[in-house]
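A.B. asks: Please find one structure pasted underneath; my questions will follow.
Derivation of every value follows stated rules applied to the coordinates shown; laboratory data play no part. Model, not experiment: these values are computed from the prediction. As a convention, Cβ positions derive from the backbone with ideal geometry for all residues, glycine included, and neighbour counts pool all protein chains shown.
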Amino acid sequence: GDVDVGQASMESLVKRLESVCARLEGVGGAPQGVGVAAAPQQGTSGGSGGGAAGGASVEGFQALIDTKVNKLVSTASAIGEADLVKTTGFLKTAFDEEAKIIACVSSCKKPDMQPLQSLLKP
């Protein structure tokens, strides 16, 4: 049914992405060291999610997009292969949406852990 089609589509997408990565590495345009380490996750510790720590998370993730993701998109565009441009466009959209989530989460107050712990008791 639909699960088989979805899984087949996902496997096909993964193969296409691996192919794109191989082509980018061959061209020498693949960004080096792309990873979440470039986006500080300071907003997840401490009392409230807002303030300087939350802003640092948002700014760090945006810096990742501005440096690594945008470079990948522009390199794909320079190569000009339609599937590559389309796929990196999807990737850019995903990162932009994740940035919105990080901005939202960074403005949230960290919940009091005591009531949460009591809810988890057997």
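A.B. asks: Can you pull out every residue in region 69-78 that is closer than 15 Å to Thr93 by Cβ and touching a helix residue (DSSP H, G or I) at 6+ places or on another chain (Cβ under 7 Å)?
C.D. replies: Of everything in region 69-78, those that are closer than 15 Å to Thr93 by Cβ and touching a helix residue (DSSP H, G or I) at 6+ places or on another chain (Cβ under 7 Å) turn out to be Val69, Leu72, Val73, Ala76, Ser77.
A.B. asks: Residues that are among the basic types (Lys, Arg) and either in contact with a strand residue (DSSP E or B) (Cβ under 7 Å, 6 or more places away or on another chain) or farther than 28 Å from Leu24 by Cα (or both): does region 102-113 have at least one?
C.D. replies: yes
A.B. asks: Restricting region 86-122 to residues that are small (Gly, Ala, Ser) and under 10 Å from the mean Cα position of the chain (by Cα), which is surrounded by the fewest Cβ atoms within 10 Å (Cβ to Cβ)?
C.D. replies: It comes out as Ala94.
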